[in-house]
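Read the structure below first, then the notes.
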There are 2 protein chains.
Amino acid sequence: MADEQLTKSDAVTVRRKPERADYRRETANAILDEALVAHVGISVDGQPFVIPMAFGRDGDRIILHGSVATRLLRELDAGVRVCVTVTLVDALVLARSQFHTSMNYRSVVIVGTARRIRDLDTARRAMAALVEHVVPGRTAEARPPTDAELRQIAVVELPIDTASVKMRTGGPIEEPEDMELPIWAGVVPLRTTLGTPEPDGQGVADAALPPSLLPYRRPGS
Amino acid sequence: MADEQLTKSDAVTVRRKPERADYRRETANAILDEALVAHVGISVDGQPFVIPMAFGRDGDRIILHGSVATRLLRELDAGVRVCVTVTLVDALVLARSQFHTSMNYRSVVIVGTARRIRDLDTARRAMAALVEHVVPGRTAEARPPTDAELRQIAVVELPIDTASVKMRTGGPIEEPEDMELPIWAGVVPLRTTLGTPEPDGQGVADAALPPSLLPYRRPGS
């Protein structure tokens, strides 16, 4: 369903520069799949906390995990409202004026309530989605989690439902009078690249890289 | 003051894996200076919102800005509690087990109350810090903001005071029994690289790149 729409609640409707908004599930999924880190926000007694976390996407859900001892995971398990934001920075935008200095980006904001996955087999599949998100193909290589490992962590899911995308693309915005200034303006693309893999050299595996690193690729890049 | 300590309040004390915490201002500043985006969290009627923003550092303060019409800026101006989190992802960490799949990262979490900068000259200097943060050297090239431009936006400052750093470095953690498995394990470094600058071709400047892009460098990279 390429045109399936996200739920456009008051909380996630983009009011400022609405022309930069997008409410299609397909657009949100592409950004989520490319990004490595989510910033997860909760509020405790009126104080917001924003914590960076690895995440995965499993269909229409975001998967997060952490030690059962973590405050964030305890709060999520208790059913607090959460906001998960994922951002990709695509370019620096240099305008002729400092005022219009900008960045091109794509971001997804998801709000809702997370739910802990208590069934161990379901949690194992969710963890596999998280590992595949970080390193596509890795679940075929690395040992799956045991029941004892899964009991040490809380695996939670958040529906990708009440959500919106905001993005900026294109060149600088300029004031008409600035066009006469002899100042370079344009866009400088940014991308995330991988360095040479460094084996830990501790085990019995030979040094040949595994299929997941031949080559490692983020979706969309 | 290389050893100056941040304020280690209950809100920002790292409880989970405290060996990964750091409370030195110098460590926090280095991470802030290298990063391009902050994730800014506020809470409205118990619902947290996390918004990606460009930011700058001016000494012991974080500078944020946005249209005076934005909900986030209106809330900050009204004195709500805020959490600003800045994260750098340094490497993928591939362990022999899926459970120990990880990432190396450095993050700063700052909590407090932001304050709007209403004096136009002070706001202009704060905006310059923000532009210099995104593109070091750019304020010497691009036209400074006019009073009319500064009146369109809210420039706010947040003290880097109650804050903490958390980071992961090094290779994979492994279970002893996994060391016999013939599975590649190690670290894959990640870095942000720049593509070829693309001039907008609209103005009177020649195509030669400006000093700020010869070369463009993030601090610390």
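Condition check: of a type outside the set (Lys, Arg), closer than 20 Å to B:Met103 by Cβ and in contact with a Gly (Cβ under 9 Å, 6 or more places away or on another chain). Does A:Glu174 satisfy that? Here the answer is no, as A:Glu174 does not meet what is asked.
Kindly indicate whether any position in the range A:84-94 is over 30 Å from B:Gly203 (Cβ atoms) and surrounded by fewer than 19 Cβ atoms within 10 Å (Cβ to Cβ). Scanning the range A:84-94 turns up no residue that is over 30 Å from B:Gly203 (Cβ atoms) and surrounded by fewer than 19 Cβ atoms within 10 Å (Cβ to Cβ). Of all residues in the range A:173-221, those being more than 30 Å from B:Pro172 (Cα to Cα), of a type outside the set (D, E, K, R) and touching a residue at least 12 places away in the same chain (Cβ under 8 Å) number 10.
Checked against (1) buried (at least 17 other Cβ atoms within 10 Å of the Cβ); (2) free of Cβ contacts under 8 Å to residues at least 60 places away in the same chain; (3) not in a loop (DSSP other than H, G, I, E, B), B:Pro145 meets all criteria but (3). Of the numbered criteria (1) more than 9 Å from chain A (Cβ to nearest Cβ); (2) in contact (Cβ under 8 Å) with a residue 60 or more places away in the chain; (3) surrounded by fewer than 21 Cβ atoms within 10 Å (Cβ to Cβ); (4) not polar (S, T, N, Q), the one B:Ala11 fails is (1). Could you please give the count of residues in the range B:165-183 that are over 9 Å from B:Ala95 (Cβ atoms) and not in a loop (DSSP other than H, G, I, E, B)? Counting residues in the range B:165-183 that are over 9 Å from B:Ala95 (Cβ atoms) and not in a loop (DSSP other than H, G, I, E, B) gives 8.
Does B:Thr113 fit the bill of being surrounded by fewer than 24 Cβ atoms within 10 Å (Cβ to Cβ) and either under 29 Å from B:Lys166 (Cβ atoms) or within 11 Å of chain A (Cβ to nearest Cβ) (or both)? When the stated conditions are applied, B:Thr113 passes them. Starting from residues that are outside any strand (DSSP E or B) and over 18 Å from B:Pro52 (Cβ atoms), keep the ones in the range A:151-164 and report whichever is farthest from the other protein chains (Cβ to nearest Cβ). This residue is A:Asp161.
Counting only strands (runs of 3 or more DSSP E) that fall entirely inside the range B:1-67 and contain at least 3 residues that are in contact with a Ser or Thr (Cβ under 9 Å, 6 or more places away or on another chain), the qualifying elements are B:37-44, B:47-54.
Restricted to the range A:191-218, and to residues there that are touching a Gly at 6+ places or on another chain (Cβ under 7 Å) and facing chain B (nearest Cβ under 7 Å), the residue that is nearest to B:Leu214 (Cα to Cα) is A:Arg191. For the range A:116-139, the candidate set comprises residues that are acidic (Asp, Glu) and away from every other protein chain (no Cβ under 11 Å); within that set, the residue that is nearest to B:Ile183 (Cα to Cα) is A:Asp121.
Here B:Thr70 clears all of (1) among the β-branched types (Val, Ile, Thr); (2) within 19 Å of A:Asp45 (Cβ to Cβ); (3) at pLDDT below 95 except the condition numbered (2).
Taken together, the criteria place A:Leu92 among residues that are within 10 Å of chain B (Cβ to nearest Cβ) and either touching a helix residue (DSSP H, G or I) at 6+ places or on another chain (Cβ under 7 Å) or assigned to a loop (DSSP other than H, G, I, E, B) (or both).
The values are calculated or read from the model by the stated rules, or taken from the named source; none is laboratory data. Everything quoted here is computed from the prediction, not taken from an experiment. Backbone-built Cβ (ideal geometry, glycine too); neighbour counts: all protein chains shown.
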